[in-house]
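In what follows, a single structure is set out as structure tokens and then discussed.
The values are calculated or read from the model by the stated rules, or taken from the named source; none is laboratory data. Model, not experiment: these values are computed from the prediction. Here the Cβ is made from the backbone with ideal geometry for all residues, glycine too, and neighbour counts use every protein chain on show. All accessible areas refer to the heavy atoms of the entire protein, side chains included, with ligands and DNA or RNA removed. Shrake-Rupley method; radii C 1.70, N 1.55, O 1.52, S 1.80 Å.
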Amino acid sequence: MAKLLEVKDLVTNFYTYEGVVKALDEVNLEIEEGKTLGLVGETGCGKSVTALSILRLIQPPGKIEGGKIYFRPDGKSSKKSSYLDLLEQSEAFMRKVRGDEISMIFQEPSSALNPVYSINDQISESFLLHRRRELSESVVREIEEKVDKADSILKKIVYKMKRGTYRKMLVDENSFLLKFLSGIPVVSSYNGWLKKSAKKETIEILKKLGVPHPQKLVDRYPHELSGGMQQRIVIAMALACHPKLLIADEPTSNLDVTIQAQILDLIRKSRKDLGTSVLFITHDLGVVAEMCDRVAVMYAGSVCEISEVKELFKNSLHPYTKALINAIPKPGGKGKLKSIKGTVPNLINPPSGCRFHPRCPNQMKICRQIKPELTRVENNHLVACHLFTGQR
């Protein structure tokens, strides 16, 4: 399976008054076409920072300071030359990528939605920004139907003028002639037609997501909706332009169990229908087992293990991964829950070598001195631990 996204040695730091927070320490990830990669770890381990770094949405005092993020925008060719390093692209290019090629479901829907804009305004914005040409073609087709159905010569003439003008807009929307004609109602109504077409698309995607009464809901505002409905709107915004990669940052947090199951079903169905790849961020290994094909385990800004989901639960290798799985309640209440000794390190002054070594039951001298690299133990199983690097 061809790779859609590859993150190599990604380094992101935050410059605070207390010191430099080393949030991401050479993170490495791969996401294949049509597959779901789970990214798990404790709160504060760098999962969300990884997602925001991929989209280049890190805000000051944060800064991406190293690494590569290879992405294939066309989604077709697997040749190396077709990959672009997103860290080397202009901000204008990234604005085209965000929402179109790569979309993100943010953790808090109430924060992701603008309270002063209607649901229609916020979802339609994606269509107007990234699918404007498709909307324009739809408008032209609609005008052509009105020409055929016009019941008077005057209406035919008006609609033919609109059709001709809008066709020219498809060729060059910024031409001098069209700017000159912009004061004429025939031309100035163009944006109104586009917004009307975008609203139809908005209603259609809400229907596909199973939102009840979408025709009425699109005119409402975020504060009028429940948390589960707000999350559906955020998902609709993310899926509006059929992205090649969907980043879901804990999309079921703060929702009750029933709504969580519905949201997970929506994401699973969207992946199946659209062929979208998914980076699913969570701290719930139960959700990972249900949703993901592969899983990457993060600890204190580093990826410590990557494998197929079944392999991870059956044969986890890294001591931290084993500790996480041992902390999961067993069916029937059998077995004693095991906590992980120690505390999460302060990333302003992280431990030397392996960042997990102060809490690791298998630590060796080399663990305190040298950071372990991700090592391929089996075909699709990688682990960053000196127990498997051959060094002692």
### Task
Return a yes/no flag: does the range 49-58 have any residue that is open to solvent by 10 Å² or more (accessible area, probe 1.4 Å), under 30 Å from Asn349 (Cβ atoms) and touching a helix residue (DSSP H, G or I) at 6+ places or on another chain (Cβ under 7 Å).
yes
### Query
Do we find that Val344 is under 25 Å from Gly286 (Cα atoms), in a loop (DSSP other than H, G, I, E, B) and touching a residue at least 12 places away in the same chain (Cβ under 8 Å) in this structure?
yes
#### Entry: Test: Ser316 is farther than 17 Å from Leu29 by Cβ, among the small types (Gly, Ala, Ser), assigned to a loop (DSSP other than H, G, I, E, B) and in contact (Cβ under 8 Å) with a residue 12 or more places away in the chain
no
### Query
Of the numbered conditions (1) under 30 Å from Tyr17 (Cα atoms); (2) open to solvent by 30 Å² or more (accessible area, probe 1.4 Å); (3) within 24 Å of the chain's Cα centre (by Cα), Pro350 satisfies every one except a single condition; which is it?
(3)
#### Entry: Single residue of the range 95-110 satisfying the filter (in a helix (DSSP H, G or I), more than 13 Å from Met237 (Cβ to Cβ) and not aliphatic (A, V, I, L, M)) that is modelled with the lowest pLDDT
Ser110
### Task
Determine which member of the set Ala289, Ala240 is closer than 21 Å to Leu29 by Cβ and among the hydrophobic types (A, V, I, L, M, F, W, C).
Ala289
### Message
If Arg355 satisfies all but one of (1) surrounded by fewer than 19 Cβ atoms within 10 Å (Cβ to Cβ); (2) among the basic types (Lys, Arg); (3) within 15 Å of Val297 (Cα to Cα), what's the number of the condition it fails?
### Response
(1)
### Every pair of residues 6+ apart whose Cβ atoms lie under 8 Å, when the first sits in the range 115-134 and is in contact (Cβ under 8 Å) with a residue 40 or more places away in the chain and under 20 Å from Phe93 (Cβ atoms) while the second is of a type outside the set (Asp, Glu) and open to solvent by 70 Å² or more (accessible area, probe 1.4 Å)
Leu128/Lys195; His130/Lys96
### Message
Restricting to the range 204-223, give me the number of residues that are modelled with pLDDT of 85 or more and either of a type in the set (Ser, Thr, Tyr) or open to solvent by less than 30 Å² (accessible area, probe 1.4 Å) (or both).
### Response
8
### Message
For the range 1-10, give me each residue that is open to solvent by 40 Å² or more (accessible area, probe 1.4 Å) and touching a residue at least 60 places away in the same chain (Cβ under 8 Å).
### Response
Lys3, Lys8
### Query
Residues in the range 280-287: is at least one in a loop (DSSP other than H, G, I, E, B), over 26 Å from the mean Cα position of the chain (by Cα) and in contact (Cβ under 8 Å) with a residue 24 or more places away in the chain?
no
### Task
Mind telling me which of the residues Ile281, Ile233, Ile247 ends up being surrounded by 22 or more Cβ atoms within 10 Å (Cβ to Cβ) and within 23 Å of Lys310 (Cβ to Cβ)?
Ile281
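Here is a yes/no grid of residues against (1) in a helix (DSSP H, G or I); (2) among the β-branched types (Val, Ile, Thr); (3) in contact (Cβ under 8 Å) with a residue 24 or more places away in the chain; (4) in contact with a strand residue (DSSP E or B) (Cβ under 8 Å, 6 or more places away or on another chain):
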{"site": "Ala238", "(1), (2), (3), (4)": "yes, no, yes, yes"}
{"site": "Cys241", "(1), (2), (3), (4)": "no, no, yes, yes"}
{"site": "Ile247", "(1), (2), (3), (4)": "no, yes, yes, yes"}
{"site": "Ser253", "(1), (2), (3), (4)": "no, no, yes, no"}
{"site": "Lys269", "(1), (2), (3), (4)": "yes, no, no, no"}
{"site": "Met298", "(1), (2), (3), (4)": "no, no, yes, yes"}
{"site": "Cys304", "(1), (2), (3), (4)": "no, no, yes, yes"}
{"site": "Ser307", "(1), (2), (3), (4)": "no, no, yes, yes"}
### Filtered residue count, the range 97-127, keeping only those that are surrounded by fewer than 19 Cβ atoms within 10 Å (Cβ to Cβ) and under 18 Å from Glu201 (Cβ atoms)
5
